[in-house]
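One structure is given below, encoded as structure tokens.
The values are calculated or read from the model by the stated rules, or taken from the named source; none is laboratory data. Computed from a prediction, not measured in an experiment: that's the story for all the values here. Cβ: placed from backbone, ideal geometry, glycine included. Neighbour counts: every protein chain shown. The area values use the complete protein model at the heavy-atom level, side chains included, leaving out ligands, DNA and RNA. Shrake-Rupley method; radii C 1.70, N 1.55, O 1.52, S 1.80 Å.
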Amino acid sequence: MNSEMMEALENIEREKGISIEIMLEALANALVTAYKRMPNAAEEALVEIDVETGDIKVIAQELDEEGQVVREWDDTPNDFGRIAAQTAKQVILQRIRDVERESKYEEYAGKEGELVTGIIQQTDQRYTLLDLGRVEALLPQAEQVQNERYEHGSRLKAYIVEVRKTAKGPQIVVSRTHPGLVKRLFELEVPEIVDGVVELRAIAREPGHRTKIAVASNDHNVDPVGACVGARGSRVRMVVNELRGEKVDIVPYTDSPSEFVLKALAPARVREVRIHEDTGTAEVIVPDFQLSLAIGKEGQNARLAARLTGWRVDIKSETQLQEEEAGGGVEYAEGEWVQSDSGELVWQPAEGGDAISAAEAGYASPVPAGGGVAVATEPTTAAPPKPDEPAPEAKDAPAEPAPPAPPAEPAPAAAEPAPVAEVSDEPA
């Protein structure tokens, strides 16, 4: 190696940012390996490179049993200059590739969650490649929207989910389905979000179909929904275009769970929201004609509202609520009314045990003149306690299901049946 090679190393240092000391150290290690491959080479040796002149010497060493150097001598081969020149070229090129890979990785390391724009280069069943300039990004099939088509040469925005360091350089994995893509797109279009005046509090997304976002304002003079929508919908339209037609619902965030659920179910109109904190459920009552809109196609609207708010959403129409409230009266026990050996009508519980007479169940009344058992339409109140017994306290007694009313005996047949009107399909 000569002075021209040293000048070349200096140029590489200026252009690539690789110091001469690092390249010379890598070259010396490579030359030691090359020397030991030569015949009659010493077992131990080191290579010295003169930084000023570029001269190279191989110093062979002899070591004792303890590993101490006992003798050194110059063992530079005659044609070692040619070997050094070839080795230097390979080492420098390899070092340049390593540094470039490292710099590319450092450029994108820590950028998970950022938005990038690339040009579609290749598409197959496994992944799509995006050219980002210095590197390529990988868009796997799992991160692609099903109804999107990626045409070669077109520009595409994507969300970085992972940056991997490999032997061939950094591998950047991007996504088109991640909810963070929607957030970054709104940051591009809404300056109030970047300034911190408007915040995106929650995002729920079903890629390719619909997205709901909840926004809040830190300035009472700024409408968060209006800021995200823009004049005549210009801002949200840009986001929808980038998402290739995916619907976006923007709702105001509130700390009130019931009001937040109500807003999250937009565009459906909600009459009332009942929050059940013990079960984490939000019971939503809507007008009958709004039920399908509130639930959405295949339950999409309700599902996204639940993800956005964190509550389990149970939607009911006004008619369904009325039916539930009307049918929520007496709880009846399981079993059946049977006739005892004495001919008395008794209640036999399904789980077994002693039968209960109609009188004990609170259904008996005076026998009518025509015979049979008279049945009350509702259970009578419990019999008063005996004189020596204290009255039981209702709050301490567990509520037991009551048996349903026993079947009524058929009324005696009349002397002559009443006439019945016949319905005919023939015209009168």
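Applying the criteria of a DSSP loop state and at most 10 other Cβ atoms within 10 Å to the trypsin sites (Lys or Arg not before Pro) of segment 17-80 yields R37.
Spacing of the modelled spin labels on D195 and K168, each 7 Å from Cα toward Cβ, amounts to 4.7 nm.
Counting Lys and Arg as +1 and Asp and Glu as -1, what is the net charge of the other residues whose Cβ lies under 12 Å from the Cβ of E360? Counting the neighbours of E360, the net charge comes to -2.
Other residues with beta-carbon under 10 Å from the beta-carbon of R210 carry, at +1 per Lys or Arg and -1 per Asp or Glu, a net charge of +2. Using the Cβ of V286 as centre and a radius below 10 Å, the other residues enclosed give a net charge of 0, where K and R count +1 and D and E count -1.
The heavy atoms of T33 offer some 70 square angstrom of accessible surface to a 1.4 angstrom probe. Put simply, the amide H of R244, placed in the peptide plane, has no neighbours under 5 Å, leaving out anything fewer than 5 places away on its chain.
Take every pair of alpha-carbon atoms less than 8 Å apart whose residues are at least six positions apart; their mean separation over the length of segment 69-133 yields a relative contact order of 16 percent.
Spin-label model, E62 to D98: label points 7 Å out along the Cα-to-beta-carbon direction sit 3.4 nm apart. In units of the compact-protein estimate 2.2 N^0.38 Å, segment 129-171 shows a Cα radius of gyration of 1.25. Rolling a 1.4 Å probe over the protein heavy atoms gives segment 166-269 an accessible area of 47 Å² per residue.
When L9, L293 are compared by accessible area of protein heavy atoms, the largest-first order is L293, L9, using a 1.4 Å probe. For the pair segment 87-139 and segment 228-243, the centres of their Cα atoms are 32 angstrom apart. Just to be sure I follow: if Rg is taken over the C-alpha atoms of segment 1-150 and Rh is the Kirkwood radius over the same atoms, what is Rg/Rh? Rounded to two decimals, Rg over Rh is 1.21. For segment 207-286, the set of GluC sites (Glu not before Pro) satisfying both a DSSP loop assignment and a count of at most 11 other C-beta atoms within 10 Å is given as E277. Dipole orientation for segment 38-182: of the candidates I56, I119, Q94, I119 has the Cα lying most toward the positive pole (charges on Cβ; Lys, Arg +1; Asp, Glu -1).
Given H placed 1.01 Å from N in the peptide plane, which residues other than close sequence neighbours of E148 have an amide H under 5 Å from its amide H? So E148 has HN proximity to no qualifying residue.
Looking at segment 1-59, the GluC sites (Glu not before Pro) that sit in a DSSP loop and have at most 11 other Cβ atoms within 10 Å of their own Cβ are E43, E52. If the cut-off is 23 Å between C-alpha atoms, which lysines fall inside it for K157, apart from same-chain ones fewer than 8 positions away? Within reach: K104, K111, K165, K183, K212, K247. Solvent-accessible area assigned to carbon and sulfur over segment 231-316 amounts to 48 percent, based on a 1.4 Å probe.
In this structure I49 has an accessible area near 40 Å², from a 1.4 Å probe over the protein heavy atoms. Packing here is the average count of other Cβ atoms within 10 Å per residue, and on that basis the peptides 338-349, 74-85, highest first, run 74-85, 338-349.
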